[in-house]
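Contents: one structure, followed by commentary.
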Amino acid sequence: MPKLSIYLSSRIRQHTLDKNKAIGELLERDGDIKIFLPHTISPSEHHEKIQEDIYRKCVDEISKAEVLLLLADSYGIDCSWEVGYAKGIQKLIIAVIETEGGLKRLREDWMVKGSVDAVIITNNELYKTASKDAMLQNKKLLMVKYQELPKTFRSLARGGSNGSK
């Protein structure tokens, strides 16, 4: 079976790059997952001449991916577009929440929240709060330890079950 392909949707800001890189390394360390990290094709400074190239590359990578992984703790306007595009082409969309701020943002952004197929939460208290949200109750809502993310992604994408709903 080919590697599970994932597109990481997260802000590309200096303060988020370490987290983006860490989750990419965790998922790829598994050996059965290939993740595309958009920050690897974006320059550290704004560059007018390559915006179109970056846009097209990201659209292409979302189209090729089986899963769009939304880091709810650090998404922005472009990420919201990526979620909508992925939903439109029927990709599996999984949000990962690790902080209260991430849960708050996802709960407030109804269109993003409505587009997500599954929500993985790494904190028991946040899981309890999320399970009371009317819209999230209709999603696959999982409480998963951070180290178990690779197994959970494979399970969600390839038809198994992991965690609770």
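Here are the numbers for the structure shown:
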| read-out | value |
| --- | --- |
| Residue that is surrounded by the fewest Cβ atoms within 10 Å (Cβ to Cβ) [pool: residues in segment 81-101 that are under 12 Å from the mean Cα position of the chain (by Cα) and in a helix (DSSP H, G or I)] | A86 |
| Residue satisfying all of: in segment 16-36; at pLDDT below 85 and touching a helix residue (DSSP H, G or I) at 6+ places or on another chain (Cβ under 8 Å); nearest to M1 (Cα to Cα) among these | D30 |
| Some residue of segment 103-116 being among the hydrophobic types (A, V, I, L, M, F, W, C), over 18 Å from K128 (Cα atoms) and in contact (Cβ under 8 Å) with a residue 60 or more places away in the chain | no |
| Hey, Y127 closer than 23 Å to G24 by Cβ and either at pLDDT 95 or above or not small (G, A, S) (or both) or not | no |
| Residue match in segment 67-79 (condition: surrounded by fewer than 19 Cβ atoms within 10 Å (Cβ to Cβ), in contact with a helix residue (DSSP H, G or I) (Cβ under 8 Å, 6 or more places away or on another chain) and not aromatic (F, W, Y)) | no |
| Subset of segment 110-165 (residues that are in a loop (DSSP other than H, G, I, E, B), within 16 Å of L71 (Cα to Cα) and touching a helix residue (DSSP H, G or I) at 6+ places or on another chain (Cβ under 7 Å)) | T122, V144 |
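The values are calculated or read from the model by the stated rules, or taken from the named source; none is laboratory data. Quick caveat, the model's predicted, so the values are computed rather than measured. Methodologically, a virtual Cβ is constructed for each residue, glycine included, from the backbone with ideal geometry; neighbour enumeration extends over all protein chains shown.
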